[in-house]
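The values are calculated or read from the model by the stated rules, or taken from the named source; none is laboratory data. Since this is a predicted model, take the numbers as computed values, not measurements. Neighbour counts run over all protein chains shown; Cβ positions are idealised from the backbone, glycine included. Accessible surface is based on the protein model in full, side chains and every heavy atom, while ligands, DNA and RNA are left aside. Shrake-Rupley method; radii C 1.70, N 1.55, O 1.52, S 1.80 Å.
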Amino acid sequence: GQFFDLAHIFELNGLPSEQHAYLFNGDIVDRGAYSVECLLLLLAFKAALPHRLFIARGNHESRTVNNMHGFLQESSRKYGGDQFFHLANRVMDALPLGHLI
């Protein structure tokens, strides 16, 4: 959820590309006020460069933990309901398999 820290990492090291690979070891959400933006940005890079960006699932990418620590509230506030929360959790549930593939 620390979007500006994530942007700073990319500013210092370059965006994900053929020259810059990244591995994120989970806990993408619940760490700040911009969890939705962090998740969407990383998923966009993953879709664009699947072999250069990897996302492992941390404990905050589990439905129980991110519900308890604010991701449900943040996504509901930003999108006017819990549909995004449920869709995001379906994606995060698949992260371990996606990481292996």
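Observations
- A search for C-beta distances below 7 Å between a residue of region 68-92 that is farther than 20 Å from GLN2 by Cα and modelled with pLDDT of 90 or more and any residue that is among the small types (Gly, Ala, Ser) and open to solvent by less than 40 Å² (accessible area, probe 1.4 Å), counting only pairs 6+ apart in sequence or on different chains, returns ASP82/SER76.
- Scan of region 26-44 for residues that are farther than 14 Å from VAL91 by Cβ and either open to solvent by less than 70 Å² (accessible area, probe 1.4 Å) or out of contact with any helix residue (DSSP H, G or I) (no Cβ under 6 Å at 6 or more places or on another chain) (or both), ordered by number: ASP27, ASP30, ARG31, GLY32, ALA33, GLU37
- Within region 37-50, residues that are within 17 Å of PHE4 (Cα to Cα) sit with their Cβ atoms under 6 Å from residues that are among the hydrophobic types (A, V, I, L, M, F, W, C) and part of a helix (DSSP H, G or I), at 6+ positions apart or across chains, in these pairs: GLU37/PHE3; CYS38/PHE3; CYS38/LEU6.
- One residue stands out in region 1-25 among those that are assigned to a loop (DSSP other than H, G, I, E, B) and among the polar types (S, T, N, Q): the one that is nearest to MET92 (Cα to Cα), namely ASN25.
- Enumeration of residues in region 45-72 that are farther than 30 Å from SER17 by Cα and surrounded by 14 or more Cβ atoms within 10 Å (Cβ to Cβ): ARG63, VAL65, ASN67, HIS69, GLY70, LEU72
- LEU12 meets the stated requirement of being open to solvent by 80 Å² or more (accessible area, probe 1.4 Å) and at pLDDT 95 or above.
- Verdict on HIS86 being open to solvent by 70 Å² or more (accessible area, probe 1.4 Å), of a type outside the set (A, V, I, L, M, F, W, C) and in a helix (DSSP H, G or I): yes
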